[in-house]
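Heads up, the thing below is written out as structure tokens.
The values are calculated or read from the model by the stated rules, or taken from the named source; none is laboratory data. Everything numeric in this text was worked out from a predicted model, so none of it was measured. For neighbour counting, all protein chains shown are included, and Cβ atoms are generated from backbone atoms with ideal geometry for every residue, glycine included.
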Amino acid sequence: MINEKISLSVAGSGATLSTYFLENWETIDPKRTRPVIVVVPGGGYHFCSEREAEPIALRMVAEGFQACVLNYSVAPARFPQSLLELVSAVTYLRLHADEFNINPDRIILCGFSAGGHLCASLGTMWNEPWLSDRIGVPTNRFKPNGMILGYPVITSGEYAHRGSFDNLAGDDTALVEKLSLENRVTADTVPTFLWHTFEDQSVPVENSLLFANALRRAGVHFELHIFPYGPHGLALANDETTTVGETAYNQPLAECWPRLAADWVRTL
């Protein structure tokens, strides 16, 4: 396995990409390429959750994918710093696809909570001219091919997770409104796998429902799973990511989501 920490120099930030890349074996298939899952942890744009980082990447590797974790800038960094870092990560992976046995047409974002908002920002905005102009790279270099969103922050409206938008945009109310992503979906938004829990009190399930409805109206393919039980931040929803003493994070009905998401990726 190629396990490295790659620095992403974007306006002097300390963003990194940690890789979990399987190597090819001459006795099996020396030319095999695999989808790559770019794991983007949550943390309210305040920190990057360890529970939603390496454990997710290793689970995706177990499905036969390449995986990596983006450790991106958080507050006091403001929009679009973290988005530019995600653009840089996707660009890097596509440019180095041959080196890392990656299928360059199967770069899949996998974000949780605020990390889901970051992924959905790129998934909806990838073809907006300002982004290509800002990074100095053509859009075909950083367009993702799909995204997996776990209990994502989406809306800045009635069902918003206010802390995420405060950290991302400060008191810029116009920007907060602009970053309500159910309003940014177009026919060019990338295919999406969504999962959430009905009981999520931090980021209400309406976030995923609003995004799914917008995808439906735009004619974008999606898969949506609403599990009945579990608080916000389930991660793998099993013992591997259950915080000591917090048994509510162990949810047998929801722990199937990685397999469901992997099956979805294989259909793209």
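Would you check if there is a residue in the range 208-231 being in a loop (DSSP other than H, G, I, E, B) and within 18 Å of E52 (Cβ to Cβ)? For the range 208-231, residues in a loop (DSSP other than H, G, I, E, B) and within 18 Å of E52 (Cβ to Cβ): present. For A62, the conditions (1) in contact (Cβ under 8 Å) with a residue 24 or more places away in the chain; (2) closer than 16 Å to C110 by Cα are fulfilled apart from (1).
R162 fulfils the conditions (1) closer than 14 Å to A114 by Cβ; (2) crowded, with 18+ Cβ neighbours inside 10 Å except for a single criterion, (2). All conditions in (1) of a type in the set (S, T, Y); (2) assigned to a loop (DSSP other than H, G, I, E, B); (3) surrounded by 15 or more Cβ atoms within 10 Å (Cβ to Cβ) hold for S82, with the sole exception of (2). Among the residues making up the range 196-214, those that are surrounded by fewer than 24 Cβ atoms within 10 Å (Cβ to Cβ) and either within 15 Å of the chain's Cα centre (by Cα) or over 19 Å from G115 (Cα atoms) (or both) are F198, E199, N213, A214.
The residues listed here are V10, V39; of these, the one that is in contact with a helix residue (DSSP H, G or I) (Cβ under 6 Å, 6 or more places away or on another chain) and at pLDDT below 95 is V10. Counting just the residues of the range 8-26 that are β-branched (V, I, T) and over 24 Å from R266 (Cβ atoms), which one comes out surrounded by the most Cβ atoms within 10 Å (Cβ to Cβ)? Selected residue: V10. Confirm whether F100 is under 15 Å from C119 (Cα atoms), assigned to a loop (DSSP other than H, G, I, E, B), in contact (Cβ under 8 Å) with a residue 40 or more places away in the chain and among the aromatic types (F, W, Y). Against the criterion (under 15 Å from C119 (Cα atoms), assigned to a loop (DSSP other than H, G, I, E, B), in contact (Cβ under 8 Å) with a residue 40 or more places away in the chain and among the aromatic types (F, W, Y)), F100 does not qualify. Applying the criterion of being of a type in the set (G, A, S) and more than 18 Å from G43 (Cβ to Cβ) to the residues of the range 111-159, the residue that is surrounded by the fewest Cβ atoms within 10 Å (Cβ to Cβ) is G136. May I ask you to say which residue of L122, L118, L131 is more than 16 Å from L209 (Cα to Cα), out of contact with any Ser or Thr (no Cβ under 9 Å at 6 or more places or on another chain) and either without any contact (Cβ under 8 Å) to a residue 24 or more places away in the chain or not in a loop (DSSP other than H, G, I, E, B) (or both)? Exactly one of L122, L118, L131 is more than 16 Å from L209 (Cα to Cα), out of contact with any Ser or Thr (no Cβ under 9 Å at 6 or more places or on another chain) and either without any contact (Cβ under 8 Å) to a residue 24 or more places away in the chain or not in a loop (DSSP other than H, G, I, E, B) (or both), namely L122.
Scanning the range 1-55 for residues that are in a strand (DSSP E or B) and among the aromatic types (F, W, Y), which turns out farthest from G163 (Cα to Cα)? Full working, then the answer.
Initially, the range 1-55 is screened for residues in a strand (DSSP E or B), giving 2, 5-7, 16-21, 34-40.
Checking the rest, the ones that are also among the aromatic types (F, W, Y) come to 20-21.
On the way: Y20: 31, F21: 34 Å.
In this case the residue turns out to be F21.
Looking across V69, V74, one residue alone is assigned to a strand (DSSP E or B), under 21 Å from G233 (Cα atoms) and either under 17 Å from the mean Cα position of the chain (by Cα) or of a type in the set (K, R) (or both). It is V69. Identify the single condition in (1) of a type outside the set (K, R); (2) out of contact with any helix residue (DSSP H, G or I) (no Cβ under 7 Å at 6 or more places or on another chain); (3) in a helix (DSSP H, G or I) that V90 does not satisfy, given that it satisfies every other one. Against the list (1) of a type outside the set (K, R); (2) out of contact with any helix residue (DSSP H, G or I) (no Cβ under 7 Å at 6 or more places or on another chain); (3) in a helix (DSSP H, G or I), V90 comes up short only on (2). A search for C-beta distances below 6 Å between a residue of the range 72-96 that is in contact (Cβ under 8 Å) with a residue 12 or more places away in the chain and under 14 Å from L118 (Cα atoms) and any residue that is crowded, with 18+ Cβ neighbours inside 10 Å and aromatic (F, W, Y), counting only pairs 6+ apart in sequence or on different chains, returns V74/Y45; A75/Y45; S82/Y72; E85/Y72; V87/F142; V90/F142. Show the residue pairs meeting these rules: Cβ distance below 6 Å; 6+ apart or different chains; first residue within the range 161-177 and hydroxyl-bearing (S, T, Y); second residue in a helix (DSSP H, G or I). Close Cβ pairs (under 6 Å, with a partner that is in a helix (DSSP H, G or I)) amount to S164/A114. Evaluation of K5 against the conditions (1) exposed (fewer than 15 other Cβ atoms within 10 Å of the Cβ); (2) modelled with pLDDT of 95 or more; (3) within 20 Å of V265 (Cβ to Cβ) shows that the sole unmet condition is (3).
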